[in-house]
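Worksheet: one structure, shown below.
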Amino acid sequence: MIYGPSGVGKSTTCGGIPGAIVQPMVDENTWGNLKRAGVVSAKLATLPPAETFTDVTDGIKSLLDQDHDYKSYVLDSVSSFERKLHEHVCRESFSNDWTDRGFMGYMRGYEVALTDLRETLDLLDRLRDEKGMTVFLIGHSVVKSHRDPRLAPFDRHICDLHHKSWSVIQRWCDFVFFMDFVVDVTEEGGRGKGHGGGERQFLVTYDASYDAKNRFGIIDPISAGDEGVAGEAWENISEAVKSARKGAK
């Protein structure tokens, strides 16, 4: 999974993955613009933009049922997918009632939705196991207060999902990369001033200021390369994974 702020290049990175097919969401479908701008290949395969939760699961099932040469599946974005999931659960299990008498009552709608979420992740596992496909999720980041019983509350970057959804997805992922701009802060006139923002990087191990993980022993950071060079960010990730695996032998 790759998550980060808007405009940092998450979709561009995944669009550079060889043999990928993308599942866009209807309310976040920028892939046509990316193709026209030449940022990703005009030949990049995309499924029809999903309007509902079942559109996403039907798309996964179609890849399981058909013969094809795709090597990777990209869901863009998991944040939008979660909204469709909750709409589906509210309609099917709570008669489309979003109030405290329905979905929001004791926050039970978020808990009920985990069953469908886990079933979707099981389908994605089947893509990996039966079709040999690698699965990538794209997410948006948000800054939230983190509470630790040992410490005072502090802010950190996490994926923009309900905490119950994020707990399930974060455990399921082999890697969670936080993609962000490289920014330096200097003190000027008694106040901090940020500089930079043109260079981008992937942060791949847990830090107090952001959530990240990887099961490959990759070392922070990975350069995301030049934003104008298609495929460079993904090439850097691939090289980092290869190097980590060689070092583990």
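Here are the numbers for this structure:
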read-out: Karplus-derived HN-Hα couplings along segment 210-217 (A = 6.51, B = -1.76, C = 1.60, θ = phi - 60°), whole Hz, x at Gly and Pro; value: 7, 9, 7, 6, 7, 9, 10, x
read-out: Sulfur and carbon atoms: percent of accessible area, the chain [1.4 Å]; value: 49 percent
read-out: Alpha-carbon spread of segment 7-57, three principal axes, descending order, Å; value: 30, 23, 18
read-out: Dipole magnitude of the chain about its Cα centre (Cβ charges: Lys, Arg +1; Asp, Glu -1), debye to nearest 20; value: 480 debye
read-out: Accessible area in the full protein assembly, largest first, 1.4 Å probe, for VAL26, VAL142; value: VAL26, VAL142
read-out: Under-5 Å amide H pairs with HIS146, H placed in peptide plane, nonlocal only; value: PHE154, ASP155, ARG156
read-out: Neighbour count of at most 14 Cβ within 10 Å plus DSSP loop: longest chymotrypsin sites (Phe, Trp or Tyr not before Pro)-free window in the chain; value: 99-205
read-out: Net charge dipole size for segment 1-120 [Lys, Arg +1 and Asp, Glu -1 on Cβ; Debye, nearest 20]; value: 460 debye
read-out: Gyration tensor over alpha-carbon atoms, segment 3-100, equivalent ellipsoid semi-axes in Å; value: 27, 17, 10
read-out: Placed amide H near TYR210: partners under 5 Å, 5+ positions off or other chain; value: HIS157
read-out: Sum of -39500 (n - 2.57) over DSSP H runs of 4+, divided by residues of the chain (222 nm, nearest 500); value: -11500 deg cm²/dmol
read-out: Magnitude of the charge dipole, segment 111-154, Cβ model with Lys/Arg +1 and Asp/Glu -1, debye to 20; value: 320 debye
read-out: Inverse of mean 1/r across different Cα pairs in the chain, Kirkwood, Å; value: 19.4 Å
read-out: Out-of-range pairs (alpha-carbon distance over 18 Å; input LYS10/LYS242; LYS10/LYS35; LYS10/LYS144; LYS84/LYS164; LYS144/LYS164); value: LYS10/LYS242; LYS10/LYS144
read-out: Shape call, segment 58-180: gyration tensor on alpha carbons, a/c limit 1.5; value: oblate
read-out: Percentage of interatomic Cα-Cα distances in segment 75-147 larger than 17 Å; value: 56 percent
read-out: Trypsin sites (Lys or Arg not before Pro) restricted to DSSP loop in segment 24-115 with at most 11 other C-beta within 10 Å; value: LYS43, ARG101
read-out: Unit charges at the beta carbon, dipole of the chain: most positive-side option, THR115, ILE237, HIS140; value: ILE237
read-out: Distance between modelled label sites at ARG150 and LYS213, nm, 7 Å Cα→Cβ extension; value: 1.8 nm
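The values are calculated or read from the model by the stated rules, or taken from the named source; none is laboratory data. Predicted model only: the values in this text are computed from it and were never measured. Because the Cβ atoms are built from the backbone with ideal geometry, glycine has one as well, and the counts that use them run over all protein chains shown. Calculation scope for accessible area: heavy atoms of the full protein, side chains included, ligands and nucleic acids excluded. Shrake-Rupley method; radii C 1.70, N 1.55, O 1.52, S 1.80 Å.
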